[in-house]
Structure formats: structure tokens, C-alpha cells
Amino acid sequence: VAFAADKAAPTQNDKFNALKDLGIFTGFPNGDAGLDQNMTRAQFAKVLALGLNLDENAAASKYSDVSASHWAKPFIGAVTAAELMQGKGNNKFDPNGNVTIEELAKTLVLGLGLEEVEGATVTGASAWAAGYVQAALDAKIIPTFTNYKAAATRGQLVDAIYEVVGGEVVTVKSAVATD
Ligand code: 6LA
């Protein structure tokens, strides 16, 4: 009996295209996935909300730096209502800031229903993030980094969202993401 060869692991581009087909990522007008580029927290909130199939919820976004007309307000509200993101304190969300690896780790851990590792200290991570980073490392959903405060690349975000979506999302409730 001949066995089929193992399927090759998907590349970041394969994962990007799969997420694009689901309407979770869009990419740039020239068709480029921009995998080496960074992503803002507003863009990330949209991708996360679409990836987890959350309902848009503009009313739940009460941050002083997210205007009523901000394109991402319904998604920022959605991830806030789902208790995946809470902003940076002082009622600020920082929608234009780059999403960092430790912020990604926190949202993945919460999104997957994993437990924060209480009392963890992780070199290169902020105090607030250490428990989430340790949990994400333990679950092997992120690799080891020297600096978890660094901006995540779109490629890293694609890897992570692909894991969260897990190919199980069959419907995407909202409009196609702008990024
Ligand atoms: C209010 C607070 O303590 N925020 C923390 C941390 O929880 C935040 O995590 C996310 C992912 C978020 O929820 O928006 O990114 C920003 C982080 O800010 C942190 O305080 C600087």
C-alpha cells in the first residue's frame, strides 16, 4: 500500500492567502501581503475580531483616543467587549501604535481560553505581559524572542491568527478587512 507523502507545512504566504480567502486579511492594493511590515493596534483589533467571528460593537469602545467616526471603532469595541483588549490605561487605546509581540501574546492566550502563568517573569517582556508571554511560550503558540516589547510583523500576526482561526471559521460575519 502506498502512503501519500506528508503535506508540506503551509508557508506564511499560504496562511495569508487562506486568511485572505476568509476575509480576515486583505493585503495591499498591489497584492503584496506585506509580511515584513508592522500592523497598528486598530488594524490588529479588526483582524482579531474577524478571526474570532466577534460581533461589531462600537458602543463598547469608550476610549478617548478612538473617535466616534474611527473606521476601527466597531472592532475595537468588539475585542474590548470580549475582554481580549483593554487599552493601555488612562482610557487610551493607542489605535495608531504598533501592536507588539507581548500584546499579541496576551490576546492569543485570552482568545484561546488559556490561563496566564501567575508570577511569571520573562526576560524581554513587560511586567504586565510576562504571564501571558509565558503561557504563549508553554503552549508553543509563539517562539522565543529576545524582546517581546518589539513591534510584531504582519507575518508573525498571520502565523498567530492562523493558529487561532484553526481553519474552523466557516463564516465571517463582517465586511472584508481593510488590512
Ligand atoms: C490597562 C493595562 O494594564 N493595559 C496593559 C495591557 O493589558 C494591554 O494589553 C493590550 C493587548 C490591550 O489590552 O490593549 O495592549 C496594550 C497593553 O497595555 C498595557 O499597559 C501598558
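Figure legend. Inter-residue proximity from segment 97-115: first residues more than 11 Å from TYR132 (Cα to Cα) and in contact (Cβ under 8 Å) with a residue 24 or more places away in the chain, second residues within 9 Å of the ligand (Cβ to nearest atom) and not in a loop (DSSP other than H, G, I, E, B), beta-carbon distance below 8 Å, spacing 6+ or different chains. Indicated pairs: GLY97/ARG41; ASN98/ARG41; VAL99/ARG41; VAL99/PHE44. Does VAL133 meet the test of being aliphatic (A, V, I, L, M), touching a Lys or Arg at 6+ places or on another chain (Cβ under 9 Å), in contact (Cβ under 8 Å) with a residue 60 or more places away in the chain and in a helix (DSSP H, G or I)? When the stated conditions are applied, VAL133 does not pass them.
For segment 64-79, which residues satisfy the criterion of being within 10 Å of LEU54 (Cβ to Cβ) and β-branched (Val, Ile, Thr)?
VAL79
Taking segment 49-70 as the search range and keeping residues that are of a type outside the set (Lys, Arg) and surrounded by fewer than 15 Cβ atoms within 10 Å (Cβ to Cβ), which one is nearest to the ligand (Cβ to nearest atom)? Out of the qualifying residues, it is SER64.
Residues in segment 114-134 that are closer than 13 Å to ASN147 by Cα and buried (at least 21 other Cβ atoms within 10 Å of the Cβ): VAL122, ALA125, ALA129, ALA130, VAL133. The numbered conditions (1) within 9 Å of the ligand (Cβ to nearest atom); (2) in a loop (DSSP other than H, G, I, E, B); (3) within 15 Å of THR40 (Cα to Cα) are all true for THR107 except (2).
When you scan segment 149-156, do you find a residue that is without any contact (Cβ under 8 Å) to a residue 60 or more places away in the chain, within 16 Å of the ligand (Cβ to nearest atom) and surrounded by fewer than 18 Cβ atoms within 10 Å (Cβ to Cβ), even just one? Yes: one or more hits. For segment 81-96, a residue qualifies if it is surrounded by 15 or more Cβ atoms within 10 Å (Cβ to Cβ) and more than 8 Å from the ligand (Cβ to nearest atom), and the qualifying residues are ALA81, ALA82, PRO95. In the set PHE93, PHE25, only one residue is in contact with a Leu (Cβ under 9 Å, 6 or more places away or on another chain) and touching a residue at least 12 places away in the same chain (Cβ under 8 Å); that residue is PHE25. Taken across segment 120-127, residues that are outside any loop (DSSP other than H, G, I, E, B) and either under 26 Å from LYS20 (Cβ atoms) or among the polar types (S, T, N, Q) (or both) do not occur at all.
Taking the conditions (1) surrounded by 13 or more Cβ atoms within 10 Å (Cβ to Cβ); (2) at pLDDT 90 or above; (3) away from the ligand (no atom under 16 Å from the Cβ) in turn, ASP36 satisfies each one other than (1).
A quick yes/no check of all residues on (1) assigned to a loop (DSSP other than H, G, I, E, B); (2) at pLDDT below 95:
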| site | (1), (2) |
| --- | --- |
| ASP55 | yes, no |
| SER67 | yes, no |
| THR80 | no, no |
| ASN96 | yes, no |
| GLY113 | yes, yes |
| VAL117 | yes, no |
| ILE142 | yes, yes |
| TYR148 | yes, no |
| TYR162 | no, yes |
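The values are calculated or read from the model by the stated rules, or taken from the named source; none is laboratory data. This one's a predicted model, so the numbers in the text were calculated from it and none came from an experiment. No Cβ is skipped: glycine too gets one built from the backbone with ideal geometry, and neighbour counts run over all protein chains shown.
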